[in-house]
């Protein structure tokens, strides 16, 4: 049995960089995504629009942890995917080959250019 999703109004604001509109949309999308009624790509797009896909947690780990808790409280599936993304970016930056690091930097530059 799945835990019910928290309405956006009960998601605690614990100081992370997640705008309220992102939490609201993630929360609204959680149920339909969990039931397979809509793709999770919409929630990932909300994270992209907020600029959160560039985050690797190194600049401010406490702020990143706070943001992960907020996203996970709103939509656990999106939160888990975003956490994996953050971990992958961090590992690439720590242990990746120069070529892989260059590719990630180019990808992040593209994300900055595409972000609203």
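The values are calculated or read from the model by the stated rules, or taken from the named source; none is laboratory data. Computed from a prediction, not measured in an experiment: that's the story for all the values here. Every residue, glycine among them, receives a Cβ derived from its backbone with ideal geometry; neighbour counts consider all protein chains shown.
Residues are listed down the side, and each one gets a yes or a no for (1) over 23 Å from residue 42 (Cβ atoms); (2) in a helix (DSSP H, G or I); (3) within 11 Å of the chain's Cα centre (by Cα):
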{"residue": "58", "(1), (2), (3)": "yes, no, no"}
{"residue": "68", "(1), (2), (3)": "no, yes, yes"}
{"residue": "84", "(1), (2), (3)": "no, yes, yes"}
{"residue": "89", "(1), (2), (3)": "no, yes, no"}
{"residue": "93", "(1), (2), (3)": "yes, yes, no"}
{"residue": "103", "(1), (2), (3)": "yes, yes, no"}
{"residue": "113", "(1), (2), (3)": "no, yes, no"}
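For residue 90, the conditions (1) at pLDDT below 95; (2) surrounded by 13 or more Cβ atoms within 10 Å (Cβ to Cβ); (3) within 20 Å of residue 28 (Cβ to Cβ) are fulfilled apart from (3). Taken as a whole, the condition of being more than 18 Å from residue 20 (Cα to Cα) and at pLDDT below 85 applies to residue 109. The selection criterion, being out of contact with any helix residue (DSSP H, G or I) (no Cβ under 9 Å at 6 or more places or on another chain), within 28 Å of residue 29 (Cβ to Cβ), part of a helix (DSSP H, G or I) and touching a residue at least 40 places away in the same chain (Cβ under 8 Å), does not hold for residue 77.
Conditions tested, residue by residue: (1) crowded, with 19+ Cβ neighbours inside 10 Å; (2) modelled with pLDDT under 90; (3) under 11 Å from the mean Cα position of the chain (by Cα); (4) closer than 27 Å to residue 94 by Cβ.
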{"residue": "22", "(1), (2), (3), (4)": "yes, no, yes, no"}
{"residue": "26", "(1), (2), (3), (4)": "yes, no, yes, no"}
{"residue": "34", "(1), (2), (3), (4)": "no, no, no, no"}
{"residue": "42", "(1), (2), (3), (4)": "no, no, no, no"}
{"residue": "49", "(1), (2), (3), (4)": "no, yes, yes, no"}
{"residue": "62", "(1), (2), (3), (4)": "no, yes, no, yes"}
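Close contacts from the range 29-54, counting a first residue that is within 24 Å of residue 109 (Cβ to Cβ) and a second that is outside any helix (DSSP H, G or I) and modelled with pLDDT under 90, with Cβ to Cβ under 8 Å and a gap of 6+ residues or different chains, come to 48/115; 49/115; 49/116; 50/17; 51/115; 52/17.
Within the range 11-27, residues that are within 23 Å of residue 56 (Cβ to Cβ) have Cβ atoms under 8 Å from residues that are modelled with pLDDT of 95 or more and part of a loop (DSSP other than H, G, I, E, B) in these pairs: 26/75, counting only partners at least 6 apart in sequence or on another chain.
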